[in-house]
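The values are calculated or read from the model by the stated rules, or taken from the named source; none is laboratory data. Values in this document were obtained by computation on a predicted structure and should not be read as measured data. Cβ: placed from backbone, ideal geometry, glycine included. Neighbour counts: every protein chain shown.
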Amino acid sequence: MAGKILILAGGGGHTGYARILAEALAGRAELLFLVPDDDPLSRSRLEPYGLVDTLVKPRHPTTPLWSFALRMAKALWRAPRLVPKDVDVVVGTGNNFCIAPSLAAWMKGIPLVYLESRVRFTSPSRTAAILHRFSKVTALQWEEQRRFLDGTVFGPLLPQRKVDPWEGGYILVAGGTYGYKELFDAFADTVFENVVLQTGDLDPAPYRERRPEWRVISYTDRFDELLAGAEVVVCPPGGTPVEAMAYGKPVVIVRYPSWTRAAGPEDTRLFAEKLNAPLLDSFTSRDIEEAIAKAKTCALPELGNGTKALTEAILNL
């Protein structure tokens, strides 16, 4: 094997990037992972590929500034002990979770690869703005990202299919790690009866009571099977829309206006445009029903796959 690689997975779509790279690197290098200590789903998704350890994630979408400062201090203090000296490469997959272990790797002279988010088109993420200065390779997923980051365009990372696509006839509403109450509340007023709702950290009980005919779950380690059987997938920008398209499923991209630290409105619009997907940024039952009807008529785009090229760049370090 080529050596030892530590992959930093900050949860949600960032863990999705980590798993895509893990699939491509499996058997070619010894893999280690760092995931947030409050994210058991990331741990379970990556354990099949290597040893997983945990570190505090400094900021979630609603973390106040004072708590972020304390959590970042804790991460900076603990990270050097979680980045082994014999690691050959550290790969950051985005998110503030990567800052502390990436800086620890840099101080130990370990080459760093940083992957910018596939949802950034107008400006770099805050983490990329910091870590690209310390990176041997700044990996970009779109040509547009060269306007604001000095890096190499590899193309979007696309996942491998885990199961064969099938026709389940249901709409999959994927709330990701945190869920989104305004979307779920509006969706509960729609005419759709065959729905799988994944609520993330939000309590699923109110939606089970309100729509007992729906299948309502918090998380699942069989998410690929849900994607493979969906008629349409409704989800925020990030990893899930691209994973859905890998299974040939149309998507509706949802923008969460209250997530002020996430990709901005123009980034989300351009991402939806890349995927030829309707963009939903107002939550009424009529808006949702119209977006889903439109998604069923949209042709799926041809996306290049940057996974192989980035894998080789990592191994060459």
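With the requirement that a residue be in a loop (DSSP other than H, G, I, E, B) and modelled with pLDDT of 95 or more, what does the range 38-57 give you?
First pass over the range 38-57, keeping only residues in a loop (DSSP other than H, G, I, E, B): 38-39, 50, 56-57.
Those that are in a loop (DSSP other than H, G, I, E, B) and modelled with pLDDT of 95 or more: G50, V56, K57.
Being touching a strand residue (DSSP E or B) at 6+ places or on another chain (Cβ under 7 Å), β-branched (V, I, T) and within 20 Å of R118 (Cβ to Cβ) is the requirement here; does V251 meet it? Even if it seems obvious, please write down each step before you answer.
On the way: touching a strand residue (DSSP E or B) at 6+ places or on another chain (Cβ under 7 Å): yes; β-branched (V, I, T): yes; within 20 Å of R118 (Cβ to Cβ): yes.
Yes, satisfied.
Taken over the range 187-203, the criterion of being aliphatic (A, V, I, L, M) and either surrounded by fewer than 19 Cβ atoms within 10 Å (Cβ to Cβ) or in a loop (DSSP other than H, G, I, E, B) (or both) is satisfied by A188, V191, L202.
Figure legend. Inter-residue proximity from the range 4-17: first residues in the same structural domain as P40 (by TED's automatic domain parsing) and under 15 Å from N96 (Cβ atoms), second residues in a helix (DSSP H, G or I) and at pLDDT below 95, beta-carbon distance below 6 Å, spacing 6+ or different chains. Indicated pairs: A9/T15; A9/S42; G11/S42; G13/G239; T15/S42; T15/R45.
For E144, the conditions (1) at pLDDT 95 or above; (2) surrounded by 16 or more Cβ atoms within 10 Å (Cβ to Cβ); (3) not aliphatic (A, V, I, L, M) are fulfilled apart from (2).
Which count do you get for residues in the range 66-87 that are assigned to a loop (DSSP other than H, G, I, E, B) and surrounded by fewer than 17 Cβ atoms within 10 Å (Cβ to Cβ)?
Initial filter on the range 66-87 (assigned to a loop (DSSP other than H, G, I, E, B)): 83-87.
The next check asks that each one be surrounded by fewer than 17 Cβ atoms within 10 Å (Cβ to Cβ); those that pass are 84-86.
Going through the range 66-87 one residue at a time, the tally reaches 3.
Taking the stated definitions as given, is N276 under 25 Å from V113 (Cα atoms), assigned to a loop (DSSP other than H, G, I, E, B) and out of contact with any Ser or Thr (no Cβ under 8 Å at 6 or more places or on another chain)? Here the answer is no, as N276 does not meet what is asked.
Which of the residues belonging to the range 18-34 are of a type outside the set (D, E, K, R), touching a residue at least 60 places away in the same chain (Cβ under 8 Å) and not in a helix (DSSP H, G or I)?
Restricting attention to the range 18-34, the residues satisfying the condition of being of a type outside the set (D, E, K, R) are 18, 20-22, 24-27, 29, 31-34.
Going one step further and asking which of them are touching a residue at least 60 places away in the same chain (Cβ under 8 Å), we end up with 18, 20-21, 24-25, 29, 34.
Once the filter is applied, which keeps residues that are of a type outside the set (D, E, K, R), touching a residue at least 60 places away in the same chain (Cβ under 8 Å) and not in a helix (DSSP H, G or I), the range 18-34 yields A29, L34.
Within the range 291-317, being farther than 23 Å from W142 by Cα and exposed (fewer than 14 other Cβ atoms within 10 Å of the Cβ) holds for A293, K296, T297. Residues of the range 1-42 that are within 20 Å of V87 (Cα to Cα), surrounded by fewer than 21 Cβ atoms within 10 Å (Cβ to Cβ) and not hydrophobic (A, V, I, L, M, F, W, C): G3, K4, E23, G27, R28, E30. Check off (1) within 18 Å of D189 (Cβ to Cβ); (2) assigned to a loop (DSSP other than H, G, I, E, B); (3) at pLDDT 90 or above for P206 and give me the number that stays unchecked. Among (1) within 18 Å of D189 (Cβ to Cβ); (2) assigned to a loop (DSSP other than H, G, I, E, B); (3) at pLDDT 90 or above, P206 violates only (2).
Entry remark, the range 248-266: residues being at pLDDT 90 or above, crowded, with 20+ Cβ neighbours inside 10 Å and closer than 27 Å to N95 by Cβ number 5 in total. Beta carbons closer than 6 Å, at least 6 apart along the sequence or on distinct chains, pair a first residue in the range 55-68 that is within 20 Å of G94 (Cα to Cα) and of a type outside the set (F, W, Y) with a second that is in a loop (DSSP other than H, G, I, E, B) and modelled with pLDDT of 90 or more for V56/D37.
The strands (runs of 3 or more DSSP E) falling completely within the range 98-186 that include 3 or more residues that are in the same structural domain as L32 (by TED's automatic domain parsing) and within 19 Å of the chain's Cα centre (by Cα) map to 112-115, 137-140.
Let me confirm something: among T93, T63, which residue is in the same structural domain as L149 (by TED's automatic domain parsing), of a type in the set (S, T, Y) and more than 17 Å from the chain's Cα centre (by Cα)? Answer to the check: T63. Scanning the range 68-120 for residues that are hydrophobic (A, V, I, L, M, F, W, C), at pLDDT below 95 and within 22 Å of L310 (Cβ to Cβ) gives a single hit, V119.
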